[in-house]
Amino acid sequence: MAPTAEGFRLCVDTDLVGELTLGDSIATNGVCLTVVEVGDAGFEAEISPETARVTALGGLAAGHRVNLERPMRADARLGGHFVQGHVDATGHVQAILPEAEYHRVRLAYPTSLAAYLVSRGSIAVDGVSLTIAALDTETFDVQIIPFTWEQTTFGRYREGDTVNLECDILGKYVVRALEVAAPGAG
């Protein structure tokens, strides 16, 4: 990551480079970014000061592995929940608990997200669509299958790491509709 006068420029090496063109959107650790340069080995995206402030991208170091996902095409099959790349907050890895061949990851979340989290509901962690396996007032657990552990950044998480959290968009609309319908009740 290189600082610029307006924020940062993130350089990512990826095998997806052949599929990318200027102006494409690409989710990077769950943050929707715009491709501003394409090179032989990867792409570059600009990160505004606000994005660096409200996401975990501002804390990335050179060589840090990231999750990448291209946007879903309108004619594609939906294989998870809607993940927009609009991060709601950051959370922190509290514990990594091996369970047979799986891993349970416990994440602390800010109380501002409490209304949007439900047990067995959807959550995106660093852009990975997951199901909440356990939920309490300050933390939630997700259970990671071996494939996801190996193919995403989860296998490199350590206690204390900061992650991007995106709540399910349907839950956000329900909460907002209730707030508008009963002002002052939310």
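Results, tabulated for the structure shown:
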quantity: For the range 128-186, alpha-carbon Rg relative to the globular expectation (2.2 N^0.38 Å, N residues); calculated: 1.51
quantity: Phi to ³J(HN,Hα) by Karplus 6.51 cos²θ - 1.76 cosθ + 1.60 over the range 33-43, Hz, x for Gly, Pro; calculated: 10, 10, 6, 10, 7, 10, x, 5, 10, x, 9
quantity: Calculated on alpha-carbon atoms, Rg and Dmax of the range 2-69 in Å; calculated: 11.1, 31
quantity: Folded to 0 to 90 degrees: helix 169-181 orientation relative to the chain principal axis, Cα; calculated: 50
quantity: Ellipticity estimate at 222 nm from DSSP helix runs (n ≥ 4, -39,500 (n - 2.57)) divided over the chain, nearest 500; calculated: -3500 deg cm²/dmol
quantity: For Glu37, residues with placed amide H under 5 Å, excluding near neighbours; calculated: Glu44
quantity: Dmax and Rg, reported as Rg then Dmax, of the chain (C-alpha, Å); calculated: 17.0, 54
quantity: The range 23-105 - charge dipole about Cα centre, Lys and Arg +1 at Cβ, Asp and Glu -1, debye rounded to 20; calculated: 240
quantity: Value of D in µm² per second that Stokes-Einstein yields for the range 36-146, Kirkwood Rh from Cα pairs, at 10 °C (1.306 mPa s); calculated: 99
quantity: Distance-filtered residues of the range 28-50 - backbone nitrogen under 13 Å, label point 7 angstrom along Ala76 Cα→Cβ; calculated: 28
quantity: Neighbour-count order for Leu178, Leu68, Leu130, fewest beta carbons within 10 angstrom listed first; calculated: Leu178, Leu68, Leu130
quantity: Sparsely packed GluC sites (Glu not before Pro) within the range 1-80, loop by DSSP, other Cβ within 10 Å at most 12; calculated: Glu6
quantity: Hz values of 3J(HN,Hα) by residue in the range 107-121 - Karplus curve (6.51, -1.76, 1.60), Gly and Pro given as x; calculated: 10, 8, 10, x, 4, 4, 9, 3, 5, 9, 9, 9, 4, 6, x
quantity: Cα-only Debye scattering, the range 89-180: base-10 log of I(q)/I(0) at q = 0.11, 0.21 Å⁻¹; calculated: -0.29, -1.00
quantity: Residues Cys167, Cys32, Cys11 arranged by fewest to most Cβ contacts within 10 Å; calculated: Cys11, Cys32, Cys167
quantity: Filtered trypsin sites (Lys or Arg not before Pro), the range 96-169: DSSP coil and at most 15 other beta carbons within 10 Å; calculated: Arg120, Arg158
quantity: Karplus-derived HN-Hα couplings along the range 150-161 (A = 6.51, B = -1.76, C = 1.60, θ = phi - 60°), whole Hz, x at Gly and Pro; calculated: 7, 8, 10, 7, 4, x, 9, 5, 10, 4, x, 4
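None of the figures in this text is laboratory data; all of them are computed from the coordinates on show. None of these values were measured; they are calculated from a predicted model. As a convention, Cβ positions derive from the backbone with ideal geometry for all residues, glycine included, and neighbour counts pool all protein chains shown.
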